[in-house]
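Novice: One structure follows; several queries about it will come next.
The values are calculated or read from the model by the stated rules, or taken from the named source; none is laboratory data. As the structure is a prediction and not an experimental result, all values here were calculated from the model. Backbone-built Cβ (ideal geometry, glycine too); neighbour counts: all protein chains shown. Keep in mind that these areas ignore ligands, DNA and RNA; they rest on the heavy atoms of the full protein, side chains included. Shrake-Rupley method; radii C 1.70, N 1.55, O 1.52, S 1.80 Å.
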Amino acid sequence: MKKKWFCGGIYSEGMRQLRMFGFIVSSLYLVFLIAVPILEYIDYLHYVENGQYPLAVSFSSLMEPLMALPIFAAPIMALIVFSGFNKRKYADFYHALPYTRICIFLSYTASILTWIFSVLILSGVVNLLMHFIFPAVYVISFAGFADILLSMAVMTLMTISAVLLGCSFTGTLLANITASGLILFLPRFVIILLVNTITAKLSFVVEEYFMAILSTKYNILVDYLAAIARFGSEAVYPLQNNLACDLYSLMLALAMGTLAAILFVRRKSESAAKSAPRRSIQAGIRIALTLTFSFIATCMLLTGRENLSLAVFFYIIAVLIYFIYELLSTRNWKNLLKVVPSLGIVVLLNLAFVGTVSTVTSFSAAFRPQADEIISVRFMIDDYVIQYEDSWNAVGNYCDRQVQNISIDDPEILSIVANVLNENMEKFDRGAPYYESTSRIVAIKTGAITRYRRIFLSRKTMNTLLEQLSQLPEYREKYLSIPPALSGTENVQLGSHGFITDQKEWNWNAILDCLQEEIHTAGFETWYQFVNADLSHEALISYATESSVQGLTKAMIPLSYDLTPKTLSLVIKENYNSSGTAAKEAIQVLKGELKLDDTAGYSTIIAEYSYVTESGQRETRYIDFTDWQNPQISQQQVAQMMYQLGTQLESAEGIPCAETYISIYYDYNAPINGTWETGRNLVYFPLPRQFETEQLAAIAYAYGS
Amino acid sequence: MIQVENLTKKFDTYTALKNISCTIEDGCIYGMVGSNGAGKSTFLRILSGVYKADSGTVTMDGKPIYENPASKGQIAFIPDDLYYINGANMDRMAALYQSLYPCFNREKYEGLAKELGLDRKKSINTFSKGMRRQAITILTLAVCPKYIFFDETFDGMDPVVRSYIKGLICQDVLDRGAAAIITSHSLRELEDTCDQLALLHRGGLVLESDIQHLKTSQFKIQIAFHEAYDQ
């Protein structure tokens, strides 16, 4: 039995083969994980010494370098061990041993997994240690910590399995890498192209729900890499999410690993040093590689004739790749002529792609239920639009998230949805534009199937719909309710200066109680219109919710001076009070009581103010207080404004103008290491209405743009 | 006993072995000669369980060899193209063999290395071609298998070492009842060691016989004429 499944000698040999690379990877990780908190602690001491509010480093913010483990280190380790079978003498030696091939496969795979998971566990232990040693500067959210490590482990298994599968039926390093890459990415890539092409043609189809199980998020590796491509280092968000996605990806990894084992056992020793054991497999790899480029070109053609030149370019690239791969993998010029007929398969597959798009498009466009055919509807949050804006911080409004599970079977509402959908589709048939200012994603249940459609409504229809929704007690109540604050409700965005993430000590219960009261006062229709308006709000609270499957998620609640003046005032007050010495010093500079050089390290303090002109235009101006060329009188005017605003803030009276504000933010040059550290939005003052006067206008025109 | 019946092996469209049938008895030294591309190495690889036959059977004591650890555990194979870990010395390779072969005899390995004067601590990369062959041969002999296959092993060895290795093979055959298969281009190489001989040509077994019988039953006559002989 021992010789059939596992051999300690082969396992030890695998561990030895990976020793050098494993040691290098472990060392790099250890140095990084230990050095970062120590360096942050040094900075922290400096911040505290100078009365500034230091920012902590979180485990999730270190993710980018740590992701090198599943994305690079794991597949390289798998290649180091299994690419040896590309050499005849290596393959012959191991196949002559008194062990079954499955034993060789499992023993070597065990050695790879031992190294990788040792590094992963070591990273986890070191992280925890650093957190306990430097708790002030190194923050770990334990729920997120476990999620991230689990996701990393699953991604590691995916990349290892794909490489093992690629190596099991190819015999050169080029073919190993090409096959592994195709196995890992080509299926998802084709699905993404297919879905994107279809949803580009059909605006009423919702990508997020279209062929749901094939959504990118279920393949956590592809989802993460796609996020990196869009958002850079802030892409840790998908890793903290979804147990269902982790499980699906794990099953994928296990399936690939199992297939790799089967093919490795069947692999002939004589296929070593050949890119593929048979011409058909060689053709398959070549065609698959070509399809990645030809499908891009086909998608371009399907989505618009303006892409014609780019599509032709990609077709040319595809053909070049086809021949270049054959040449590099077989090193036989004569093969270039022999493989020309197989290009026909590429053409056929592209035609099949077009056919699939056409079929699915027709099928989707045929969904036009009448009101009496609809069982129920749900109004969904528009995750796609929110998710793929420029920042990962935009996660959709909380209220819409709360009500999306409410099934509505009110006949009036079903009738509205059916009529709007059918009107949209009739316009689509005629090729007329059917876009309106307002759209909603609706889950429409007919029979056992639920389909998701984006419907475009006019304002008038929207108002009618709101009127109907307001008569549904459950819907209205949920929309107007916010539960108590959960841990994680700690992000506030004020104005346009991004999120501030250090409000753990704020009195959130008071803020949210006040907000609840103001929401109820506003009423359903007003509140609904406000949260769904396509406007930038004065402030946004990122509010945490929790689910057993998805873990901690966040949603937004907007604030405004018109609807939630008291809540906004509370938020501004908390922000000012928590600003610490740094804020007070900045105000003193603006009042002329302190010189910039006498501050703790500010090099720039900028006042930004925004106002609405008589013609209704919104203007934003900046005053840079480091430029001492400005006339003193203007500085005094601003200083007076600051003083008045300061007193107003203390008394917290009156309702400031919703459209005019002044904010101060700073750039801070840390003298210890001389590097720039951009400060956050320091203080945020809404200006009272009376400041929309010639006084403000005079300042604005004096400083111009 | 190794029994081969109607063995055929193809690589794509090329037939390397065609309907080979033979028997290798225990305690026998079996020689196989043939030209380049005759199929000698392919034959040994099939017997070692490296290749799978396309048709026919290869059994050891009635049991198949391919993917059978019990059968393969009694076989050691020295190929023509030697494998050793890049940068490893003999001791490192001995550790590998010891972990892979339960019957590996460390004392025998050390004794043989000393007899041949090979530096166990030096990297095998620095050895000459002949020394590398000696090193791998020693390691394989130290496995103490029941069947040892040598694929053109003596090429590159000097006559003294060659003779010594042949002596070791004979000793193993006598002491343990081991059997050996030795392939070579040269009949002279094998005639003083082997007791069975086979001649392979283009994948087919042309001749198989006891060496003594071959020597006594077949003669070569060379005739010289005074003048050119005009048919």
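Novice: Return one quarter of the surface area of the convex hull spanned by the alpha-carbon atoms of the stretch B:149-192, equal to its mean projected area, in nm². The partial results should precede the final answer.
Specialist: Numbers: hull surface 11.9 nm².
Averaged projected hull area, Cα only: 3.0 nm².
Novice: For a bin width of 5 Å, list the pair-distance distribution of the stretch B:1-94 built from all Cα-Cα distances, rounded to whole %.
Specialist: Going out from 0 Å in 5 Å bins, the stretch B:1-94 shows 3, 11, 21, 23, 18, 11, 7, 4, 1 percent.
Novice: Still on this structure: Below 15 angstrom from the Cβ of residue A:247, what's the summed charge of the other residues (Lys, Arg +1; Asp, Glu -1)?
Specialist: Details: positive: A:217; negative: A:147, A:223, A:246.
Within the 15 Å Cβ shell, the charges total -2.
Novice: To continue, here is another question. Threshold 20 Å², probe 1.4 Å: give the residues of the stretch B:89-115, in number order, that are less accessible with all protein chains present than with their chain alone.
Specialist: When all protein chains are present, B:92, B:96, B:97, B:99, B:100, B:101, B:102 each give up 20 Å² or more of accessible surface.
Novice: Ordering B:21, A:364 by how much accessible area each has at a 1.4 Å probe, largest first, what is the list?
Specialist: Values: B:21 50, A:364 5 Å².
Ranking B:21, A:364 by accessible area, largest first, yields B:21, A:364.
Novice: Here's a follow-up. If R₀ is 51 angstrom, what is the calculated FRET efficiency for the pair residue A:428 and residue A:323, using the beta carbon separation as r and rounding to 0.05? Kindly include the intermediate steps, with their values, before the conclusion.
Specialist: Numbers: r = 42 Å, r/R0 = 0.82.
According to the calculation, E is roughly 0.75.
Novice: Which Cα, out of A:359, A:259, A:311, lies furthest along the positive dipole direction of the stretch A:249-408 (beta carbon charges, K/R +1, D/E -1)?
Specialist: Farthest towards the positive end: A:259.
Novice: A further question follows. Quick check: pseudo-label points 7 Å beyond the Cα along Cα→Cβ at residue A:4 and residue B:171, how many nm apart are they?
Specialist: 3.9
Novice: With a 1.4 Å probe and all protein chains in place, put B:185, A:131, B:226 in order of accessible area, largest first.
Specialist: Details: B:185 90, A:131 30, B:226 195 Å².
Largest accessible area first, the list is B:226, B:185, A:131.
Novice: If you rank A:338, A:573 by how much accessible surface each has, with a 1.4 Å probe, what is the order from largest down? Intermediate results must be reported in sequence, preceding the final value.
Specialist: Values: A:338 120, A:573 75 Å².
Descending accessible area places them as A:338, A:573.
Novice: Tell me the angle of helix B:129-141 to the major Cα principal axis of chain B, expressed in degrees between 0 and 90 and rounded to the nearest ten.
Specialist: Once rounded, the angle reads 70 degrees.
Novice: Residues of the stretch A:259-305 that become at least 30 Å² less accessible with every protein chain present than in their own chain isolated, using 1.4 Å: which are they?
Specialist: A:270
Novice: How big is the stretch A:233-385 in terms of Cα radius of gyration and Dmax, in angstroms?
Specialist: For the stretch A:233-385, the Cα radius of gyration and maximum Cα-Cα distance read 21.9, 66 Å.
Novice: Give the average over all directions of the projected area of the C-alpha convex hull of chain B, one decimal, in nm².
Specialist: Numbers: hull surface 65.1 nm².
With the hull built on Cα positions only, its mean projection is 16.3 nm².
Novice: Take peptides A:323-335, B:76-88 and line them up by average Cβ neighbours within 10 Å, highest first, as a rough protection proxy.
Specialist: Working: A:323-335: 15.1, B:76-88: 17.6.
Most protected by this proxy first, the peptides run B:76-88, A:323-335.
Novice: Could you give P(r) for the stretch B:131-207, binned at 10 Å from zero, as whole percent values over all Cα-Cα pairs?
Specialist: 17, 53, 27, 4
Novice: Residues of A:9-16, mean number of Cβ from any other protein chain within 10 Å of their own Cβ, rounded to a whole number? Each step should come with its number before you reach the end.
Specialist: Numbers: counts 8, 3, 1, 4, 5, 0, 0, 5.
Whole-number average of other-chain Cβ neighbours for A:9-16 is 3.
Novice: Nearest 100 Å², what total accessible surface is buried between chain A and chain B (probe 1.4 Å)? Walk me through the intermediate numbers first.
Specialist: Values: alone 33330 and 12310 Å², together 43360 Å².
Result for this pair: about 2300 Å² buried.
Novice: At a 1.4 Å probe, which residues in the stretch A:73-100 are at least 50 Å² less accessible with all protein chains present than in their chain isolated?
Specialist: Buried on complex formation: A:89, A:92, A:93, A:96, A:98, A:99.
Novice: Quote to one decimal, in nm, the extra length available between residue A:254 and residue A:338 on full extension: 0.36 nm per residue of separation minus the C-alpha distance between them. Please report the intermediate quantities before stating the final value.
Specialist: Details: separation 84, 0.36 × 84 = 30.24 nm, distance 3.71 nm.
So the extension gain works out to 26.5 nm.
Novice: In addition: At a 1.4 Å probe, what is the % contribution of carbon and sulfur to the accessible area of the stretch B:49-126? Present the calculation step by step, with values, prior to reporting the outcome.
Specialist: On the way: 1680 of 3540 Å².
That share works out to 48 percent.
Novice: Same structure, new question: Using per-residue counts of other Cβ atoms within 10 Å, averaged over each peptide, order A:4-15, A:160-171 from highest down.
Specialist: Numbers: A:4-15: 18.2, A:160-171: 26.2.
Put in order of decreasing packing, that is A:160-171, A:4-15.
Novice: Same structure, new question: Give, rounded to the nearest 20 debye, the magnitude of the charge dipole that chain B has about its Cα centre when Lys and Arg contribute +1 at Cβ and Asp and Glu contribute -1 at Cβ. Each step should come with its number before you reach the end.
Specialist: On the way: 26 positive and 28 negative charges, 154 e Å.
For this selection, approximately 740 debye.
Novice: On to the next question. Return, ordered by residue number, the residues of the stretch A:461-484 whose backbone nitrogen is under 11 Å from a label point located 7 Å along Cα→Cβ of residue A:526.
Specialist: none
Novice: Run the simple label-point estimate for residue B:26 and residue A:313 please: 7 Å along Cα→C-beta, distance reported in nm.
Specialist: Distance between label points: 7.5 nm.
Novice: Enter the accessible area per residue of the stretch B:107-180 (Å², integer; probe 1.4 Å; all protein chains in place). Provide the component values of the computation, followed by the final result.
Specialist: Working: 3070 Å² over 74 residues.
Computed with neighbouring chains in place, this is 41 Å² per residue.
Novice: At residue A:126 and residue B:61, where each label point lies 7 Å from the Cα along Cα→Cβ, what is the point-to-point distance in nanometres?
Specialist: The answer from the label model is 5.2 nm.
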